[in-house]
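One structure below.
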Amino acid sequence: MIKNMLLTFIAVTAVLPILSINCNHGDNIKAEKLPDKIFPMAFRKEKAIRIDIITKEPPVIADINDPDNIYIYFLQDQDKNCVVIKLTNDLEIKNRYFIGNGMGPGEALNPRIYGGDDRSIIVYDVMARKFIEFDRNFKLMNEYKSPKNLGGYFYSGGKYIPDLRMVIDGFNYTVSMAKESGDTLVFRSYRRIYARKLMPNRSIKDSKLFETPLVEERWENNLTPVFRDINFGYYFGHIFILDKMDYRIKKMTTDGRVLKDKRFAFEAKTFSKSDREEWVTKAFGPKGKKKFSFPEKLIPACWMMPVANGIAVGRCNNYNPDEKSPIIADYFDPDLNFLGKITMPYFWAWNRPDQGQCEAYYRFLFKNGKLYSVQIGEDLDDFQVVRWGVHIEKGKGDIQEIILLPFILKK
């Protein structure tokens, strides 16, 4: 079952460097209380397809600057090669390409498509720490090898900006590890966002744009805490950094200048050990509670993604995998002004503190007024690529007052 198995290419590797936190990111920025308003946006499923392929993973949607096509890829087919499928905007298959599994030129062990344009497409191989530049038919053009290990890979948020020949990416850098009394490990680390310039001599010039204060992370009782505290994305020509624990968003330029820094109020909650063990068991299987732990305190912000002309931030009240209703998200314009609440289609692991942002990053793409998504079912091979129409009701202003959230997901 996917609930037990879909640690896949993200969860197990991503969980390990992102641990429980004991730190204070606070300062004098006052938390803004968001009003009870809705933004009149609705989603209608227009088309869905399945793709005939034998694979170990569900597909990933790549964000490539191509007005006429969308691209999805599977990390490994039955031959362990990465398969890239080009579809029309109407979800008709046009072509298939392959990235060979290996360490040679043009090959990758753990590829991620970071974007591209009509000149080329950039793929990052996590294992080899190299960028591979392909042409539009996925024929090798260049490779750029990173000489430095910047830390644990974020597995979400990375984006190639063709006009700047630059990649924005995030890493978790661990400074020290120590064992306390009993079965407690203590890590000290930073979360960092980098601009990674692809240079003409095939080198990479790294510039640090953002760094958290030094974070103390604790593994209690040999349990791996599973959550992510920092996420980021490149939307509307700027970098947005989400502090999920403090519900805080920074808007930055690509040279690291902070343009906006906003904090939003939320209701604090804690969860009992029995509730957390129940949710971990549902997410990771019967043996999960002996290996993993969910946070005791609520992390209110699940993820963020661009939708239409704004940014949606998912909100949750718990980590129960059985929460399968349409999702309430806060909706902001690109200058972080709150527009209202919207109701989005349910997707797997949306409220999981470690996985939600990965799903938002890898399974969704807004393009040409449509939202494309990968909807995952109960098994690894149970998925659909879906196109949603995004409709904003006109004639009632941008915002309406709300008593109850009246949006019903239209089918």
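Go through Thr224, Val84, Ser120 and say which Cα lies farthest out towards the positive end of the charge dipole of the chain; charges sit on Cβ, +1 for Lys and Arg, -1 for Asp and Glu.
The residue sitting most towards the positive pole is Ser120.
Over the Cα atoms of the stretch 314-374, what Rg and Dmax result, in angstrom?
Both quantities, over Cα of the stretch 314-374: 12.2, 34 Å.
Given H placed on each backbone N at 1.01 Å, which residues far from Ile161 in sequence or on other chains put an amide H within less than 5 Å of it?
Distant-sequence amide H within range of Ile161: Met166, Val167, Ile168.
Could you size up the charge dipole of the chain around its Cα centre, putting +1 on the beta carbon of Lys and Arg and -1 on that of Asp and Glu, and report it in debye to the nearest 20?
340 debye
Taking θ as phi - 60°, what are the ³J(HN,Hα) couplings along the stretch 37-46 by the Karplus curve (6.51, -1.76, 1.60), each to the nearest whole Hz, with x for Gly and Pro?
Values per residue, Gly and Pro as x: 9, 10, 9, x, 10, 9, 10, 10, 5, 9 Hz.
For the stretch 69-180, state the average projected area of the convex hull of the C-alpha atoms over all orientations, rounded to one decimal in nm².
9.3 nm²
Rounded to a whole number of µm²/s, how large is the Stokes-Einstein D of the stretch 2-401 at 4 °C and 1.567 mPa s, given Rh as the Kirkwood radius over C-alpha pairs?
Reported coefficient: 60 µm²/s.
What is the Cα radius of gyration of the stretch 34-94 over 2.2 N^0.38 Å, N being its residue count?
Against the compact-globule rule of thumb, the ratio is 1.53.
Can you give the calculated 222 nm mean residue ellipticity of the chain, where each DSSP H run of n ≥ 4 adds -39,500 (n - 2.57) and the sum is split over every residue, rounded to the nearest 500 deg cm²/dmol?
Working: 4 runs with 29 residues, N = 411.
When only DSSP H runs of four or more count, the value is -2000 deg cm²/dmol.
Please list 3J(HN,Hα) in residue order for the stretch 146-163, calculated via the Karplus relation 6.51 cos²θ - 1.76 cosθ + 1.60 where θ = phi - 60°; whole Hz, with x for glycine and proline.
The phi angles translate into 7, x, 10, 8, 7, x, x, 6, 6, 6, 5, x, x, 8, 8, 10, x, 4 Hz.
When the Kirkwood radius is taken over all Cα pairs of the stretch 106-247, what Stokes-Einstein diffusion coefficient follows at 10 °C and 1.306 mPa s, in µm²/s?
Stokes-Einstein gives a translational diffusion coefficient of 96 µm²/s.
Each reported figure results from applying straightforward, stated rules to the coordinates on display, with no laboratory input. Quick caveat: nothing in here was measured; it's all calculated off a predicted structure. A quick note on method: Cβ atoms are made from the backbone with ideal geometry, for glycine too, and the neighbour counts reach across all protein chains shown.
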